[in-house]
1. V506's amide H: which non-local residues (gap 5+, or another chain) put their own amide H closer than 5 Å, with H modeled 1.01 Å from N in plane and none for Pro or chain starts?
2. Once amide H atoms are placed 1.01 Å from N in the peptide plane, what residues at a sequence separation of 5 or more from V276, or on another chain, have their amide H within under 5 Å of its amide H?
3. With a point put 7 Å past each Cα toward its Cβ, work out how far L79 is from L196 in nm, to one decimal.
4. Length gain on complete extension for the stretch E507 to R181, per 0.36 nm per residue less the alpha carbon to alpha carbon distance?
5. Would you mind getting me the FRET efficiency between E40 and T457? Use the beta-carbon distance for r and R0 = 30 Å, nearest 0.05.
6. Convert each backbone phi in the stretch 438-444 into a coupling constant with the Karplus relation 6.51 cos²θ - 1.76 cosθ + 1.60 (shift: θ = phi - 60°), then list the ³J(HN,Hα) values in order as whole Hz, x for Gly and Pro.
7. Quick one: what are the phi-derived ³J(HN,Hα) couplings along the stretch 39-46, Karplus 6.51/-1.76/1.60 with θ = phi - 60°, whole Hz, x for glycine and proline?
8. At a Förster distance of 25 Å, what's the computed FRET efficiency of E357 paired with T335, Cβ-Cβ distance as r, to 0.05?
Amino acid sequence: MAAAPASVGCGGAYSCETAERTREWMQAHVVNFFKDRLWELVDAEWMECLRREPVESLLKLPSGCVQEHWPATLREFVLTARSLVIPREQKAPQSLVSDIHVAPVGTVLAQGMNSKKKHEIENLAAVVHAIAKRCGAKTVVDVGSGQGYLAQALSFEYQLRVVAIDASSHHASVTIARAERIKKHYAAKCVEKQLLMVPRAVTCHVLSSDTLAAVTLDACKDDNGEHVRDTKTSTKKITQIQESTQGTPPLILAGLHACGDLSVNMLRVFVSCEQVKALVSIGCCYNLLSEDTYEDTDTCPGFPMSKAAKHSELVLGKSIRDLACQSAERWRNLTMDIALQNFDVHAFRAAFQMVLEKYFPEVSRLSPSIGRQGKALRRQRLRKVVESQMTTKKNDDFSCSTLKEQNKNTNDVHPVIHEVDTGPDDIHQNAHQKFILFKDFTLSGLGRLGCGSVEDTSLLEIWKDVQPFSEYIGPFWCLRAALGPLVETYILLDRLLYLQERSNLVEALLFPLFDPTISPRNMAVIAWKLCANSSEA
(Lines give C-alpha, C1' and ligand atoms only; values in the text may rest on other atoms or scores of the structure.)
Protein backbone atom coordinates (compact mmCIF):
# COMPACT_ATOMS: atom_id res chain seq x y z
CA MET A 1 0.00 0.00 0.00
CA ALA A 2 1.41 3.37 -0.90
CA ALA A 3 1.99 5.71 1.99
CA ALA A 4 3.16 9.28 2.29
CA PRO A 5 6.91 9.77 1.71
CA ALA A 6 9.10 9.15 4.72
CA SER A 7 10.07 12.81 4.84
CA VAL A 8 6.47 13.67 5.71
CA GLY A 9 6.83 11.63 8.88
CA CYS A 10 3.77 9.40 8.67
CA GLY A 11 4.62 7.21 11.65
CA GLY A 12 4.53 3.48 10.98
CA ALA A 13 2.32 3.60 7.91
CA TYR A 14 2.34 0.49 5.78
CA SER A 15 3.33 0.63 2.14
CA CYS A 16 3.78 -1.70 -0.83
CA GLU A 17 7.11 -0.20 -1.81
CA THR A 18 8.98 -3.41 -0.93
CA ALA A 19 7.97 -7.06 -0.68
CA GLU A 20 8.71 -7.04 3.05
CA ARG A 21 6.45 -4.06 3.74
CA THR A 22 3.67 -5.46 1.53
CA ARG A 23 3.81 -8.74 3.44
CA GLU A 24 3.66 -6.91 6.78
CA TRP A 25 0.52 -5.08 5.75
CA MET A 26 -1.12 -8.21 4.33
CA GLN A 27 -0.50 -10.02 7.61
CA ALA A 28 -2.34 -7.33 9.59
CA HIS A 29 -5.35 -9.43 10.53
CA VAL A 30 -8.68 -7.73 11.15
CA VAL A 31 -9.18 -9.58 14.47
CA ASN A 32 -6.35 -7.41 15.82
CA PHE A 33 -7.89 -4.21 14.46
CA PHE A 34 -8.57 -2.61 17.85
CA LYS A 35 -5.75 -4.33 19.76
CA ASP A 36 -3.04 -3.09 17.37
CA ARG A 37 -4.89 0.12 16.34
CA LEU A 38 -4.44 -0.92 12.72
CA TRP A 39 -6.26 2.12 11.32
CA GLU A 40 -3.29 4.21 12.46
CA LEU A 41 -0.90 2.13 10.37
CA VAL A 42 -2.60 2.99 7.09
CA ASP A 43 -2.16 6.29 5.31
CA ALA A 44 -4.27 8.73 7.32
CA GLU A 45 -5.44 10.55 4.19
CA TRP A 46 -6.72 7.29 2.74
CA MET A 47 -8.63 6.33 5.87
CA GLU A 48 -10.14 9.76 6.32
CA CYS A 49 -11.27 9.75 2.69
CA LEU A 50 -12.77 6.24 2.80
CA ARG A 51 -14.41 6.82 6.16
CA ARG A 52 -16.72 9.32 4.46
CA GLU A 53 -17.40 7.14 1.41
CA PRO A 54 -20.82 5.54 0.82
CA VAL A 55 -20.88 1.82 1.53
CA GLU A 56 -21.56 1.15 -2.17
CA SER A 57 -18.19 2.70 -3.11
CA LEU A 58 -16.34 0.69 -0.48
CA LEU A 59 -17.81 -2.57 -1.76
CA LYS A 60 -16.57 -1.85 -5.29
CA LEU A 61 -13.03 -1.05 -4.18
CA PRO A 62 -11.74 -4.67 -4.19
CA SER A 63 -12.93 -4.93 -7.81
CA GLY A 64 -10.69 -2.04 -8.85
CA CYS A 65 -13.31 0.72 -8.87
CA VAL A 66 -11.96 4.12 -7.79
CA GLN A 67 -13.40 7.62 -7.41
CA GLU A 68 -11.89 10.74 -8.93
CA HIS A 69 -11.85 12.60 -5.62
CA TRP A 70 -9.73 9.93 -3.92
CA PRO A 71 -6.04 10.68 -3.24
CA ALA A 72 -3.85 9.84 -6.24
CA THR A 73 -1.82 7.30 -4.24
CA LEU A 74 -4.99 5.47 -3.21
CA ARG A 75 -6.26 5.29 -6.79
CA GLU A 76 -2.86 4.03 -7.92
CA PHE A 77 -2.83 1.30 -5.27
CA VAL A 78 -6.30 0.00 -6.13
CA LEU A 79 -5.75 0.07 -9.90
CA THR A 80 -2.29 -1.51 -9.70
CA ALA A 81 -3.50 -4.34 -7.48
CA ARG A 82 -6.36 -5.04 -9.86
CA SER A 83 -4.13 -4.96 -12.95
CA LEU A 84 -2.04 -7.82 -11.53
CA VAL A 85 -5.04 -10.12 -11.04
CA ILE A 86 -5.77 -12.84 -13.57
CA PRO A 87 -9.12 -12.17 -15.36
CA ARG A 88 -11.92 -14.08 -13.65
CA GLU A 89 -14.89 -13.40 -15.92
CA GLN A 90 -16.52 -16.70 -16.89
CA LYS A 91 -15.64 -18.08 -20.34
CA ALA A 92 -17.96 -20.28 -22.34
CA PRO A 93 -16.86 -23.94 -22.16
CA GLN A 94 -17.03 -23.99 -25.98
CA SER A 95 -13.99 -21.70 -26.08
CA LEU A 96 -12.04 -24.55 -24.46
CA VAL A 97 -13.47 -27.46 -26.47
CA SER A 98 -15.48 -26.45 -29.53
CA ASP A 99 -17.81 -29.45 -29.65
CA ILE A 100 -18.63 -29.46 -25.94
CA HIS A 101 -22.23 -30.02 -24.87
CA VAL A 102 -23.39 -28.70 -21.48
CA ALA A 103 -26.18 -31.00 -20.32
CA PRO A 104 -28.61 -29.32 -17.90
CA VAL A 105 -28.89 -30.98 -14.51
CA GLY A 106 -32.44 -32.34 -14.40
CA THR A 107 -34.78 -32.33 -11.43
CA VAL A 108 -33.75 -35.76 -10.17
CA LEU A 109 -30.01 -35.13 -10.35
CA ALA A 110 -30.45 -31.66 -8.87
CA GLN A 111 -32.11 -32.87 -5.67
CA GLY A 112 -30.24 -31.37 -2.72
CA MET A 113 -28.30 -28.90 -4.87
CA ASN A 114 -28.58 -25.16 -4.41
CA SER A 115 -28.30 -22.87 -7.44
CA LYS A 116 -24.54 -22.44 -6.90
CA LYS A 117 -23.88 -26.17 -6.88
CA LYS A 118 -26.11 -26.74 -9.89
CA HIS A 119 -24.22 -24.08 -11.86
CA GLU A 120 -20.87 -25.66 -10.91
CA ILE A 121 -21.90 -29.24 -11.69
CA GLU A 122 -23.38 -28.43 -15.11
CA ASN A 123 -20.26 -26.64 -16.32
CA LEU A 124 -17.64 -28.85 -14.71
CA ALA A 125 -19.24 -32.14 -15.75
CA ALA A 126 -19.42 -30.98 -19.37
CA VAL A 127 -15.73 -30.00 -19.41
CA VAL A 128 -14.61 -33.21 -17.71
CA HIS A 129 -16.58 -35.27 -20.23
CA ALA A 130 -15.18 -33.36 -23.21
CA ILE A 131 -11.57 -33.69 -22.02
CA ALA A 132 -12.04 -37.36 -21.14
CA LYS A 133 -13.29 -37.97 -24.66
CA ARG A 134 -10.33 -36.11 -26.15
CA CYS A 135 -7.87 -38.17 -24.06
CA GLY A 136 -9.59 -41.49 -24.63
CA ALA A 137 -10.34 -41.90 -20.92
CA LYS A 138 -13.57 -43.55 -19.82
CA THR A 139 -12.87 -43.46 -16.07
CA VAL A 140 -12.99 -40.35 -13.90
CA VAL A 141 -11.70 -40.13 -10.34
CA ASP A 142 -13.67 -37.48 -8.44
CA VAL A 143 -11.31 -36.31 -5.68
CA GLY A 144 -12.98 -34.83 -2.61
CA SER A 145 -16.35 -35.93 -3.95
CA GLY A 146 -18.53 -34.86 -1.02
CA GLN A 147 -22.06 -36.15 -1.52
CA GLY A 148 -21.32 -37.27 -5.07
CA TYR A 149 -23.07 -34.58 -7.12
CA LEU A 150 -20.34 -34.39 -9.76
CA ALA A 151 -19.82 -38.16 -9.78
CA GLN A 152 -23.51 -38.80 -10.39
CA ALA A 153 -23.78 -36.24 -13.18
CA LEU A 154 -20.80 -37.82 -14.92
CA SER A 155 -22.24 -41.32 -14.47
CA PHE A 156 -25.85 -40.77 -15.49
CA GLU A 157 -25.65 -37.87 -17.94
CA TYR A 158 -22.34 -38.71 -19.63
CA GLN A 159 -22.10 -42.50 -19.06
CA LEU A 160 -18.59 -42.34 -17.60
CA ARG A 161 -17.21 -44.76 -15.05
CA VAL A 162 -16.56 -42.80 -11.84
CA VAL A 163 -14.67 -43.50 -8.64
CA ALA A 164 -15.61 -41.00 -5.91
CA ILE A 165 -12.96 -40.49 -3.20
CA ASP A 166 -13.78 -38.65 0.01
CA ALA A 167 -12.48 -38.65 3.58
CA SER A 168 -15.97 -38.95 5.07
CA SER A 169 -17.59 -42.38 5.28
CA HIS A 170 -20.91 -40.59 5.76
CA HIS A 171 -20.46 -38.83 2.41
CA ALA A 172 -19.67 -42.17 0.79
CA SER A 173 -22.87 -43.71 2.18
CA VAL A 174 -24.90 -40.72 0.99
CA THR A 175 -23.28 -40.92 -2.45
CA ILE A 176 -24.19 -44.59 -2.85
CA ALA A 177 -27.76 -44.23 -1.57
CA ARG A 178 -28.40 -41.14 -3.67
CA ALA A 179 -26.97 -42.79 -6.78
CA GLU A 180 -29.21 -45.85 -6.34
CA ARG A 181 -32.30 -43.62 -6.16
CA ILE A 182 -31.24 -41.76 -9.29
CA LYS A 183 -30.53 -45.03 -11.08
CA LYS A 184 -34.10 -46.21 -10.50
CA HIS A 185 -35.43 -43.02 -12.09
CA TYR A 186 -33.16 -43.34 -15.14
CA ALA A 187 -33.93 -47.05 -15.48
CA ALA A 188 -37.66 -46.29 -15.61
CA LYS A 189 -37.21 -44.09 -18.68
CA CYS A 190 -34.08 -45.76 -20.03
CA VAL A 191 -33.55 -45.42 -23.75
CA GLU A 192 -32.15 -48.30 -25.76
CA LYS A 193 -28.46 -49.04 -25.18
CA GLN A 194 -28.11 -46.38 -22.49
CA LEU A 195 -25.51 -47.49 -19.96
CA LEU A 196 -26.39 -47.00 -16.32
CA MET A 197 -23.38 -47.00 -14.01
CA VAL A 198 -23.39 -46.09 -10.35
CA PRO A 199 -20.27 -44.30 -9.02
CA ARG A 200 -18.03 -46.36 -6.77
CA ALA A 201 -17.37 -44.65 -3.44
CA VAL A 202 -14.03 -44.92 -1.69
CA THR A 203 -13.39 -43.59 1.80
CA CYS A 204 -9.80 -42.55 2.37
CA HIS A 205 -8.00 -39.86 4.36
CA VAL A 206 -5.60 -38.60 1.71
CA LEU A 207 -2.45 -37.39 3.46
CA SER A 208 -0.09 -37.27 0.49
CA SER A 209 0.13 -37.57 -3.27
CA ASP A 210 1.45 -41.13 -2.79
CA THR A 211 -1.72 -42.05 -0.91
CA LEU A 212 -3.96 -40.49 -3.54
CA ALA A 213 -2.10 -42.23 -6.35
CA ALA A 214 -2.30 -45.62 -4.68
CA VAL A 215 -5.98 -45.33 -3.81
CA THR A 216 -6.84 -44.05 -7.27
CA LEU A 217 -5.09 -46.87 -9.12
CA ASP A 218 -6.22 -49.62 -6.74
CA ALA A 219 -9.84 -48.47 -6.93
CA CYS A 220 -9.83 -48.32 -10.70
CA LYS A 221 -8.35 -51.82 -11.02
CA ASP A 222 -10.73 -53.35 -8.47
CA ASP A 223 -14.15 -54.04 -9.97
CA ASN A 224 -15.48 -55.67 -6.81
CA GLY A 225 -17.54 -53.73 -4.33
CA GLU A 226 -18.52 -50.10 -4.21
CA HIS A 227 -17.27 -48.87 -0.87
CA VAL A 228 -13.70 -49.18 0.46
CA ARG A 229 -13.34 -47.90 4.02
CA ASP A 230 -10.21 -46.32 5.47
CA THR A 231 -7.80 -47.41 2.78
CA LYS A 232 -4.29 -47.39 4.24
CA THR A 233 -1.73 -46.95 1.50
CA SER A 234 0.29 -43.96 2.65
CA THR A 235 3.48 -46.03 2.94
CA LYS A 236 3.51 -46.88 -0.78
CA LYS A 237 5.98 -44.96 -2.89
CA ILE A 238 5.32 -43.69 -6.38
CA THR A 239 7.80 -46.15 -7.89
CA GLN A 240 6.06 -49.07 -6.18
CA ILE A 241 2.70 -47.85 -7.42
CA GLN A 242 3.84 -47.56 -11.01
CA GLU A 243 5.20 -51.13 -11.02
CA SER A 244 1.73 -52.57 -10.40
CA THR A 245 -0.50 -50.53 -12.70
CA GLN A 246 -0.95 -52.96 -15.56
CA GLY A 247 -4.60 -53.27 -16.45
CA THR A 248 -5.49 -49.86 -15.05
CA PRO A 249 -7.57 -47.91 -17.59
CA PRO A 250 -6.69 -44.37 -18.73
CA LEU A 251 -7.91 -41.96 -16.05
CA ILE A 252 -8.86 -38.33 -15.65
CA LEU A 253 -8.70 -36.63 -12.25
CA ALA A 254 -11.44 -34.15 -11.37
CA GLY A 255 -11.93 -32.08 -8.25
CA LEU A 256 -14.59 -29.53 -7.41
CA HIS A 257 -13.19 -27.33 -4.63
CA ALA A 258 -10.89 -30.05 -3.32
CA CYS A 259 -9.75 -28.62 0.00
CA GLY A 260 -6.26 -27.39 0.86
CA ASP A 261 -3.45 -29.77 -0.12
CA LEU A 262 -5.85 -32.17 -1.82
CA SER A 263 -5.83 -29.94 -4.92
CA VAL A 264 -2.04 -29.86 -5.16
CA ASN A 265 -1.78 -33.60 -4.51
CA MET A 266 -3.96 -34.06 -7.58
CA LEU A 267 -1.40 -32.13 -9.63
CA ARG A 268 1.45 -34.29 -8.36
CA VAL A 269 -0.43 -37.51 -9.11
CA PHE A 270 -1.25 -36.24 -12.61
CA VAL A 271 2.45 -35.64 -13.29
CA SER A 272 3.65 -38.89 -11.68
CA CYS A 273 1.14 -41.51 -12.86
CA GLU A 274 1.20 -42.60 -16.47
CA GLN A 275 -2.42 -43.77 -16.30
CA VAL A 276 -3.68 -40.27 -15.43
CA LYS A 277 -4.10 -38.61 -18.81
CA ALA A 278 -5.80 -35.37 -17.79
CA LEU A 279 -6.71 -33.15 -14.87
CA VAL A 280 -9.50 -30.67 -14.11
CA SER A 281 -9.12 -29.14 -10.65
CA ILE A 282 -10.82 -26.21 -8.92
CA GLY A 283 -9.18 -25.59 -5.56
CA CYS A 284 -10.31 -23.76 -2.43
CA CYS A 285 -9.42 -23.28 1.24
CA TYR A 286 -5.99 -21.77 0.60
CA ASN A 287 -5.74 -21.11 4.33
CA LEU A 288 -5.47 -24.90 4.85
CA LEU A 289 -2.54 -25.31 2.47
CA SER A 290 0.70 -26.56 3.95
CA GLU A 291 3.54 -24.16 3.22
CA ASP A 292 7.28 -24.49 2.85
CA THR A 293 8.98 -22.36 5.50
CA TYR A 294 12.36 -23.34 4.01
CA GLU A 295 13.32 -25.46 6.95
CA ASP A 296 15.11 -28.77 6.35
CA THR A 297 12.16 -31.17 5.98
CA ASP A 298 11.21 -34.01 3.64
CA THR A 299 7.62 -32.85 3.17
CA CYS A 300 6.05 -31.79 -0.12
CA PRO A 301 4.21 -28.57 0.74
CA GLY A 302 1.06 -27.30 -0.91
CA PHE A 303 2.83 -23.98 -1.55
CA PRO A 304 5.08 -23.28 -3.32
CA MET A 305 5.04 -26.00 -5.97
CA SER A 306 6.91 -24.54 -8.94
CA LYS A 307 10.69 -24.24 -9.07
CA ALA A 308 10.48 -20.52 -9.79
CA ALA A 309 8.30 -19.84 -6.74
CA LYS A 310 10.58 -21.94 -4.55
CA HIS A 311 13.59 -19.95 -5.69
CA SER A 312 11.87 -16.74 -4.61
CA GLU A 313 11.61 -18.12 -1.06
CA LEU A 314 8.40 -16.14 -0.56
CA VAL A 315 6.55 -17.20 2.60
CA LEU A 316 2.88 -16.23 2.72
CA GLY A 317 1.68 -17.52 6.07
CA LYS A 318 -1.84 -18.51 7.10
CA SER A 319 -3.16 -14.95 7.40
CA ILE A 320 -2.24 -14.08 3.82
CA ARG A 321 -3.45 -17.42 2.47
CA ASP A 322 -6.73 -16.80 4.27
CA LEU A 323 -6.88 -13.43 2.50
CA ALA A 324 -6.73 -15.28 -0.85
CA CYS A 325 -10.18 -16.71 -0.08
CA GLN A 326 -11.76 -13.24 -0.28
CA SER A 327 -14.02 -12.56 -3.26
CA ALA A 328 -14.16 -9.13 -4.87
CA GLU A 329 -17.25 -10.24 -6.78
CA ARG A 330 -19.07 -11.21 -3.60
CA TRP A 331 -18.26 -7.89 -1.96
CA ARG A 332 -19.41 -5.96 -5.04
CA ASN A 333 -22.80 -7.67 -5.03
CA LEU A 334 -23.63 -7.26 -1.35
CA THR A 335 -26.54 -5.06 -0.40
CA MET A 336 -25.79 -2.09 1.84
CA ASP A 337 -27.60 -3.66 4.81
CA ILE A 338 -25.74 -6.96 4.53
CA ALA A 339 -22.44 -5.12 4.09
CA LEU A 340 -23.02 -3.12 7.25
CA GLN A 341 -23.86 -6.34 9.06
CA ASN A 342 -20.58 -7.85 7.87
CA PHE A 343 -18.66 -4.82 9.07
CA ASP A 344 -20.37 -5.16 12.44
CA VAL A 345 -19.39 -8.83 12.66
CA HIS A 346 -15.75 -7.86 12.03
CA ALA A 347 -16.00 -5.15 14.68
CA PHE A 348 -17.45 -7.64 17.19
CA ARG A 349 -14.67 -10.13 16.45
CA ALA A 350 -11.98 -7.47 16.88
CA ALA A 351 -13.56 -6.29 20.13
CA PHE A 352 -13.81 -9.92 21.26
CA GLN A 353 -10.05 -10.15 20.78
CA MET A 354 -9.71 -7.28 23.26
CA VAL A 355 -11.75 -9.30 25.75
CA LEU A 356 -9.42 -12.26 25.30
CA GLU A 357 -6.34 -10.05 25.63
CA LYS A 358 -7.55 -8.59 28.91
CA TYR A 359 -9.19 -11.55 30.62
CA PHE A 360 -7.84 -14.68 28.87
CA PRO A 361 -4.36 -13.74 27.50
CA GLU A 362 -3.21 -17.37 27.35
CA VAL A 363 -6.11 -18.17 24.99
CA SER A 364 -5.51 -15.05 22.91
CA ARG A 365 -1.92 -16.12 22.17
CA LEU A 366 -3.23 -19.30 20.53
CA SER A 367 -4.99 -17.30 17.74
CA PRO A 368 -8.29 -19.08 18.42
CA SER A 369 -11.03 -19.69 15.89
CA ILE A 370 -14.63 -19.53 17.10
CA GLY A 371 -16.13 -21.17 14.03
CA ARG A 372 -18.55 -20.29 11.25
CA GLN A 373 -21.69 -21.53 12.92
CA GLY A 374 -21.58 -18.71 15.43
CA LYS A 375 -20.96 -16.23 12.61
CA ALA A 376 -24.05 -17.44 10.78
CA LEU A 377 -26.10 -17.08 13.94
CA ARG A 378 -24.80 -13.59 14.55
CA ARG A 379 -25.55 -12.53 10.99
CA GLN A 380 -29.08 -13.85 11.43
CA ARG A 381 -29.46 -11.74 14.54
CA LEU A 382 -28.11 -8.71 12.71
CA ARG A 383 -30.68 -9.18 9.97
CA LYS A 384 -33.36 -9.14 12.66
CA VAL A 385 -31.97 -5.84 13.91
CA VAL A 386 -32.32 -4.32 10.46
CA GLU A 387 -35.86 -5.63 10.15
CA SER A 388 -36.66 -4.26 13.60
CA GLN A 389 -35.32 -0.84 12.66
CA MET A 390 -37.38 -0.78 9.49
CA THR A 391 -40.49 -1.67 11.46
CA THR A 392 -39.72 1.04 13.99
CA LYS A 393 -39.50 3.71 11.28
CA LYS A 394 -42.96 2.78 10.07
CA ASN A 395 -44.49 2.85 13.52
CA ASP A 396 -45.52 6.42 14.32
CA ASP A 397 -46.71 5.41 17.77
CA PHE A 398 -43.28 4.22 18.89
CA SER A 399 -42.15 6.81 21.44
CA CYS A 400 -39.09 7.55 23.49
CA SER A 401 -40.97 6.66 26.68
CA THR A 402 -41.86 3.25 25.28
CA LEU A 403 -38.23 2.57 24.45
CA LYS A 404 -37.06 3.60 27.91
CA GLU A 405 -39.71 1.39 29.48
CA GLN A 406 -38.42 -1.59 27.46
CA ASN A 407 -34.88 -0.87 28.57
CA LYS A 408 -35.89 -1.00 32.24
CA ASN A 409 -36.96 -4.59 31.78
CA THR A 410 -33.70 -5.84 30.32
CA ASN A 411 -30.38 -5.31 32.08
CA ASP A 412 -28.79 -2.82 34.44
CA VAL A 413 -26.05 -2.19 31.88
CA HIS A 414 -28.43 -0.84 29.23
CA PRO A 415 -29.17 2.56 30.84
CA VAL A 416 -25.43 3.24 30.94
CA ILE A 417 -25.38 3.23 27.14
CA HIS A 418 -28.07 5.87 27.01
CA GLU A 419 -26.21 8.03 29.50
CA VAL A 420 -23.19 7.99 27.18
CA ASP A 421 -25.13 8.77 24.01
CA THR A 422 -27.05 12.05 23.78
CA GLY A 423 -28.28 11.65 20.21
CA PRO A 424 -31.78 10.96 18.85
CA ASP A 425 -33.89 8.01 19.94
CA ASP A 426 -32.97 5.84 16.95
CA ILE A 427 -29.29 6.30 17.81
CA HIS A 428 -30.07 5.25 21.40
CA GLN A 429 -31.74 2.13 20.09
CA ASN A 430 -28.91 1.36 17.66
CA ALA A 431 -26.22 1.74 20.36
CA HIS A 432 -28.24 -0.46 22.69
CA GLN A 433 -28.68 -3.17 20.04
CA LYS A 434 -25.03 -3.10 18.96
CA PHE A 435 -23.86 -3.70 22.51
CA ILE A 436 -26.36 -6.52 23.01
CA LEU A 437 -25.11 -8.15 19.80
CA PHE A 438 -21.49 -7.73 20.91
CA LYS A 439 -22.38 -9.25 24.27
CA ASP A 440 -24.06 -12.24 22.59
CA PHE A 441 -21.07 -12.61 20.28
CA THR A 442 -18.67 -12.59 23.23
CA LEU A 443 -20.64 -15.07 25.34
CA SER A 444 -20.94 -17.42 22.37
CA GLY A 445 -17.22 -17.13 21.61
CA LEU A 446 -16.15 -17.66 25.22
CA GLY A 447 -18.41 -20.70 25.42
CA ARG A 448 -16.86 -22.20 22.30
CA LEU A 449 -13.36 -21.66 23.68
CA GLY A 450 -14.23 -23.10 27.08
CA CYS A 451 -13.51 -19.82 28.87
CA GLY A 452 -15.30 -18.41 31.86
CA SER A 453 -17.75 -15.52 31.81
CA VAL A 454 -17.04 -11.78 31.94
CA GLU A 455 -19.20 -9.23 33.76
CA ASP A 456 -21.52 -7.14 31.60
CA THR A 457 -20.06 -3.90 32.96
CA SER A 458 -16.57 -5.04 31.91
CA LEU A 459 -17.81 -5.86 28.41
CA LEU A 460 -19.47 -2.46 28.21
CA GLU A 461 -16.22 -0.75 29.17
CA ILE A 462 -14.38 -2.48 26.33
CA TRP A 463 -17.16 -1.76 23.83
CA LYS A 464 -17.22 1.95 24.79
CA ASP A 465 -13.44 2.13 24.21
CA VAL A 466 -13.50 0.58 20.73
CA GLN A 467 -16.88 1.66 19.36
CA PRO A 468 -15.74 5.15 18.18
CA PHE A 469 -13.14 3.52 15.93
CA SER A 470 -15.45 0.87 14.45
CA GLU A 471 -16.23 3.20 11.53
CA TYR A 472 -12.75 2.43 10.18
CA ILE A 473 -13.48 -1.31 9.97
CA GLY A 474 -15.25 -1.10 6.59
CA PRO A 475 -12.54 0.95 4.82
CA PHE A 476 -9.74 -1.15 6.29
CA TRP A 477 -11.38 -4.45 5.38
CA CYS A 478 -12.12 -3.38 1.80
CA LEU A 479 -8.54 -2.15 1.30
CA ARG A 480 -7.23 -5.46 2.58
CA ALA A 481 -9.73 -7.44 0.50
CA ALA A 482 -8.37 -5.69 -2.60
CA LEU A 483 -5.21 -7.76 -2.12
CA GLY A 484 -7.11 -11.07 -1.88
CA PRO A 485 -7.49 -11.72 -5.64
CA LEU A 486 -3.82 -10.83 -6.07
CA VAL A 487 -2.73 -13.48 -3.55
CA GLU A 488 -5.02 -16.07 -5.12
CA THR A 489 -3.56 -15.23 -8.53
CA TYR A 490 -0.05 -15.93 -7.24
CA ILE A 491 -1.09 -19.29 -5.79
CA LEU A 492 -2.85 -20.28 -9.02
CA LEU A 493 0.10 -19.20 -11.16
CA ASP A 494 2.40 -21.28 -8.96
CA ARG A 495 0.27 -24.35 -9.73
CA LEU A 496 0.14 -23.57 -13.42
CA LEU A 497 3.89 -23.03 -13.57
CA TYR A 498 4.49 -26.34 -11.79
CA LEU A 499 2.77 -28.04 -14.74
CA GLN A 500 4.31 -25.80 -17.40
CA GLU A 501 7.79 -26.65 -16.15
CA ARG A 502 7.10 -30.07 -17.74
CA SER A 503 6.62 -28.25 -21.07
CA ASN A 504 7.52 -31.21 -23.27
CA LEU A 505 5.06 -33.47 -21.47
CA VAL A 506 2.05 -31.42 -20.44
CA GLU A 507 -0.32 -28.84 -21.87
CA ALA A 508 -1.81 -26.73 -19.05
CA LEU A 509 -3.94 -23.62 -18.60
CA LEU A 510 -6.11 -21.69 -16.16
CA PHE A 511 -9.75 -21.42 -17.21
CA PRO A 512 -12.51 -19.37 -15.49
CA LEU A 513 -15.19 -22.04 -15.59
CA PHE A 514 -17.89 -20.55 -13.34
CA ASP A 515 -19.59 -17.19 -12.95
CA PRO A 516 -17.52 -15.60 -10.14
CA THR A 517 -20.56 -13.86 -8.68
CA ILE A 518 -22.12 -17.30 -8.15
CA SER A 519 -18.98 -19.32 -7.38
CA PRO A 520 -16.02 -17.14 -6.36
CA ARG A 521 -13.47 -19.97 -6.57
CA ASN A 522 -14.08 -20.29 -10.28
CA MET A 523 -10.62 -20.85 -11.77
CA ALA A 524 -9.95 -24.37 -13.04
CA VAL A 525 -6.48 -25.79 -13.52
CA ILE A 526 -6.84 -27.92 -16.67
CA ALA A 527 -4.05 -30.10 -18.05
CA TRP A 528 -3.53 -33.10 -20.30
CA LYS A 529 -0.56 -35.26 -21.27
CA LEU A 530 1.17 -34.84 -24.62
CA CYS A 531 3.04 -38.14 -24.48
CA ALA A 532 3.06 -41.38 -22.53
CA ASN A 533 6.15 -40.78 -20.37
CA SER A 534 6.14 -38.63 -17.27
CA SER A 535 8.69 -36.91 -15.09
CA GLU A 536 9.08 -37.00 -11.34
CA ALA A 537 6.77 -34.91 -9.16
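The values are calculated or read from the model by the stated rules, or taken from the named source; none is laboratory data. Since we're looking at a predicted model, the values are computed, not measured. Neighbour counts run over all protein chains shown; Cβ positions are idealised from the backbone, glycine included. When the accessible area is computed, the model is the full protein with side chains, heavy atoms only, and any ligands, DNA or RNA have been set aside. Shrake-Rupley method; radii C 1.70, N 1.55, O 1.52, S 1.80 Å.
1. The answer is L530.
2. When sequence neighbours closer than 5 places are left aside, the close amide H contacts are L251.
3. About 6.1 nm, to one decimal.
4. Details: separation 326, 0.36 × 326 = 117.36 nm, distance 3.86 nm.
Once the chain is fully extended between E507 and R181, it gains 113.5 nm.
5. Numbers: r = 28 Å, r/R0 = 0.93.
Once the sixth-power term is evaluated, E becomes 0.60.
6. Running phi through 6.51 cos²θ - 1.76 cosθ + 1.60 with θ = phi - 60° gives 4, 4, 4, 4, 5, 4, 5 Hz.
7. 3J(HN,Hα) across the stretch 39-46, in whole Hz: 5, 7, 8, 9, 2, 4, 5, 5.
8. Working: r = 33 Å, r/R0 = 1.33.
Once the sixth-power term is evaluated, E becomes 0.15.
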